[in-house]
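Data first, discussion second: the structure below is written as structure tokens.
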Amino acid sequence: MKKITATDVYQRLFSTYGAQHWWPADTPFEVMVGAVLTQNCTWANAETALNNLKTHDMLHCESIATSNQQHLAEIIRASGTFQQKARYLQQLALFYYKSGGHAELIKQPLKLLRKQLLGIYGIGPETADSILLYALDKPSFVIDAYTKRLFVRLKHFNHQFDYDSMQNYFEQRLPHDVALFKEFHALIVSHGKRYCQTKPLCSQCPLAACCPTA
DNA sequence: ACCCAGGGTCATA
DNA sequence: TATGACCATGGG
């Protein structure tokens, strides 16, 4: 059986699910906060925490950076691991403030920005790339558990591939287009939520015919 | 009651 | 470098 290309996977997912309209947020800073809040938790819980921040008029870098850490933690409680995330958010807000905000940040080249983001306590590769792509409009391909699971299943690479290897794999095969990267990642997540989790529903999966292990 | 979700850090070997 | 423990809520 012929292996489906990454581009064909994108086209098939898009024609099946349509545009996903990621990332839902009013400001780039909200995207950055959301990227931390959704770490290892459902988007619904992250959204509850975001709305709670809005209710308290706390969704700004100054208020987050200067707020009492315990107070902040209670406000974002619904997102889980909230003591850690309160610390993470304060570091991120401080970085955002010291960098001069969105307008100054986007002037910097992708590679340098990525390095700076990874230096922030609580920002790992996936969160950094989510911020680069969805908050700063930089073409940095986001890898997550869904991406790995799907493309291991499609035999594009194996389980031993680390984050950077997987990111390189896609960035070498796709045009570096911000809109494409945004849509592709969102589609992979939407698809992953429906299919091939613990109980495969692969008979109706739009990629079933491409899935050697189905 | 168990399992996982739009991860990351830290200690240990 | 490579696992494992830990964080912790809410929904299935």
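We did not get these values from a lab; they are worked out from the coordinates using the rules stated. Only a predicted model underlies this, so the values are computations on that prediction, with no experimental measurement involved. Virtual Cβ from ideal backbone geometry, glycine too; neighbours counted across all protein chains shown.
Numbers at a glance
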item	result
Ranking of A:Ser140, A:Ser203 by count of other Cβ atoms within 10 Å, fewest first	A:Ser203, A:Ser140
At 1.002 mPa s and 20 °C, Stokes D of chain A from Kirkwood alpha-carbon radius, µm² per second	118 µm²/s
Average Cα contact separation per residue, segment A:66-214, under 8 Å, 6 or more apart, as relative contact order %	17 percent
Gained length - A:Ala208 relative to A:Gln116, 0.36 nm times residue gap less alpha-carbon distance	29.1 nm
Inter-part distance where segment A:106-152 and segment A:18-67 are each reduced to a Cα centre, Å	16 Å
Percentage relative contact order, segment A:28-135, counting C-alpha pairs under 8 Å, at least six apart	32 percent
Ranking of A:Ile123, A:Ile106, A:Ile75 by count of other Cβ atoms within 10 Å, fewest first	A:Ile106, A:Ile75, A:Ile123
Net charge of neighbours whose Cβ lies under 10 Å from the Cβ of A:Ile143, counting Lys and Arg as +1 and Asp and Glu as -1	-4
For peptides A:184-192, A:14-22, sequence by mean Cβ density within 10 Å, most packed first	A:184-192, A:14-22
Given charges at beta-carbon only (K, R positive; D, E negative), |dipole| of segment A:28-135 in Debye	320 debye
About the Cα centre, charge dipole magnitude for chain A (Lys/Arg +1, Asp/Glu -1 at Cβ), debye	780 debye
Kirkwood Rh, angstrom, segment A:1-99 [1 / mean 1/r, Cα pairs]	14.9 Å
Extended-chain gain in nm, criterion 0.36 nm per residue less alpha-carbon gap, A:Ala145 and A:Thr5	48.5 nm
Spin-label model distance (nm) - A:Gln108 vs A:Thr66, 7 Å beyond Cα toward Cβ	2.3 nm
Estimated inter-spin distance, A:Tyr163 and A:Asp177, nm [label 7 Å along Cα→Cβ]	2.7 nm
For segment A:113-187, alpha-carbon Rg over 2.2 N^0.38 Å	1.07
Candidate lysines - alpha carbon under 17 Å from A:Lys98, same-chain residues fewer than 8 apart omitted	A:Lys107, A:Lys115
Under 17 Å from A:Lys3, Cα to Cα: lysines that are on another chain or at least 8 residues apart	A:Lys148, A:Lys155
Among A:Phe161, A:Phe151, A:Phe95: highest mean-square fluctuation, GNM of chain A, C-alpha pairs under 10 Å	A:Phe161
